[in-house]
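Worksheet: the structure to be examined is printed underneath.
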Amino acid sequence: MSKTSDSFQLLKHLTIYRVWNLILLKKSYYFSRLTKKALTWGKPFSLSIEPTTACNLGCPECPSGLKQFTRPTGKLDLVLHEKMLNQVSKSVFYINYYFQGEPFLHPQFLELIRQAKKHKIYTATSTNAHFIDQQKAEEIIDSGLDRLIISIDGLTQETYENYRVHGNLAKVIEASKLLIAAKKEKKSATPHLIFQFLAVKPNEHEIPAVFTLGNELGIDEVRIKTAQVYDYKNGNPLLPENEKYSRYARQSDGTYKLKYATGNHCWRMWSGSVLTWDGKVVPCCFDKDAQHVLGSIDTTDFQQIWKNKTYRNFRQAILTGRNQIDICQNCSEGAKVFQD
């Protein structure tokens, strides 16, 4: 399935109400930027929902893999998930079932997808592909999952495990082949399969080859993603030599800074939200340890949380002093996703 076909697949999930809601969101976002007063005239059209915080790998810049969270590890309850969907599905037409952790460590992960599809929502997730055998590949196709991002951050075991610590590249390649074969067997256009290659210094020389591999296998799309690192000011062993693939630029004094100007605005604060496995609502995917909890769906309806004082104050802080907010200081909102 081409990128164009995937876009059409997403558009199929629109309704008149969802389109009107999106227009209201856009209007309120630009009006808020103009007036510096946080107003929301619509409801979110997209969400990230966290199936679990557990992960089998130990990636060096990931708090989940490094077990550095102060919040508990757990998995999303199916009843709580259905409660989430009932509260948001009128406006939401896109859900990324990923925040932290490896989604397929949730034993009922595909049931989450099936629940969302009953609400006519486009579903996506991201995986390290270590838990996909032939049976699971077939179940993924049958679930209705619309998009599956496969992390493949190296083309030899040596480069791959340099970042994907404890990972096995052969499992990733095999899982990809099984998914492609299952799609063909079932004559299914979905899920749209994406190879995502996180560009870091040890693997950047392999970037051209990942496009070749994706084409040879029959992967629908290949994306090169820039890496977020936490300690970058004085350089970092993970920073690519080619700054095209980096979020950070080297200054004349040898230090580094974020390449992208953030500004006092952020569309994410109007377009979507993030729900943790235990029902907490946080502003966006950069709040990995849930330090800015805006409410809990377990006790409060999402629509009330979306409009509450805490959420409004956070949006207002974005409009007047975004760079003063900790999770915004290393944010790539607006950064490019490199295709070649």
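List of remarks:
- Residue in segment 176-188 that is outside any strand (DSSP E or B) and closer than 30 Å to Y260 by Cβ present: no
- Of the residues examined, Y232 is not one that is touching a Cys at 6+ places or on another chain (Cβ under 7 Å), buried (at least 19 other Cβ atoms within 10 Å of the Cβ) and not charged (D, E, K, R).
- Number of the condition not met by S273 [criteria: (1) open to solvent by 30 Å² or more (accessible area, probe 1.4 Å); (2) at pLDDT 90 or above; (3) more than 24 Å from G154 (Cα to Cα); (4) assigned to a strand (DSSP E or B)]: (1)
- Segment 270-296 residues that are on the phi > 0 side of the Ramachandran plot, paired with ones that are open to solvent by 40 Å² or more (accessible area, probe 1.4 Å) (beta carbon under 6 Å, 6 or more apart): G279/D298; A290/K280
- Test result for E82, open to solvent by less than 10 Å² (accessible area, probe 1.4 Å), charged (D, E, K, R) and at pLDDT 95 or above: no
- Candidate set: segment 198-228, residues that are charged (D, E, K, R) and in a strand (DSSP E or B); chosen: the one modelled with the lowest pLDDT: K225
- Tallying residues that are over 25 Å from K90 (Cβ atoms) and open to solvent by less than 20 Å² (accessible area, probe 1.4 Å) within segment 288-308 yields 1.
- Looking only at residues in segment 127-156 that are open to solvent by 20 Å² or more (accessible area, probe 1.4 Å) and within 15 Å of the chain's Cα centre (by Cα), the one that is farthest from A182 (Cα to Cα) is I149.
- Any hit, segment 166-174, residues being open to solvent by less than 30 Å² (accessible area, probe 1.4 Å), in a helix (DSSP H, G or I) and among the basic types (K, R): no
- Unique residue being at positive phi and touching a residue at least 24 places away in the same chain (Cβ under 8 Å) when the list is G254, G218: G218
- Condition check for A209: touching a Leu at 6+ places or on another chain (Cβ under 9 Å), surrounded by fewer than 19 Cβ atoms within 10 Å (Cβ to Cβ) and small (G, A, S): yes
- Checking S2, S7 one by one, the residue that is surrounded by fewer than 16 Cβ atoms within 10 Å (Cβ to Cβ), under 21 Å from the mean Cα position of the chain (by Cα) and closer than 28 Å to N86 by Cβ is S7 and no other.
- Enumeration of residues in segment 14-28 that are closer than 23 Å to D301 by Cβ and touching a Phe, Trp or Tyr at 6+ places or on another chain (Cβ under 9 Å): T15, R18, N21, L22, L24, L25, S28
- Inter-residue pairs, beta-carbon under 9 Å, first over 16 Å from Y30 (Cβ atoms) and without any contact (Cβ under 8 Å) to a residue 40 or more places away in the chain and in segment 309-328, second open to solvent by 90 Å² or more (accessible area, probe 1.4 Å) and outside any helix (DSSP H, G or I), 6+ apart: D326/Q291
- Against the list (1) surrounded by 14 or more Cβ atoms within 10 Å (Cβ to Cβ); (2) within 16 Å of L258 (Cβ to Cβ), the condition Q324 fails is (1).
- Enumeration of residues in segment 94-114 that are open to solvent by less than 20 Å² (accessible area, probe 1.4 Å) and over 15 Å from the mean Cα position of the chain (by Cα): H106, F109, L110, L112, I113
The values are calculated or read from the model by the stated rules, or taken from the named source; none is laboratory data. Keep in mind that this is a model prediction, so the values were computed, not measured. Virtual Cβ from ideal backbone geometry, glycine too; neighbours counted across all protein chains shown. Quick note on the areas: whole protein, heavy atoms, side chains included, nothing else; ligands and nucleic acids left out. Shrake-Rupley method; radii C 1.70, N 1.55, O 1.52, S 1.80 Å.
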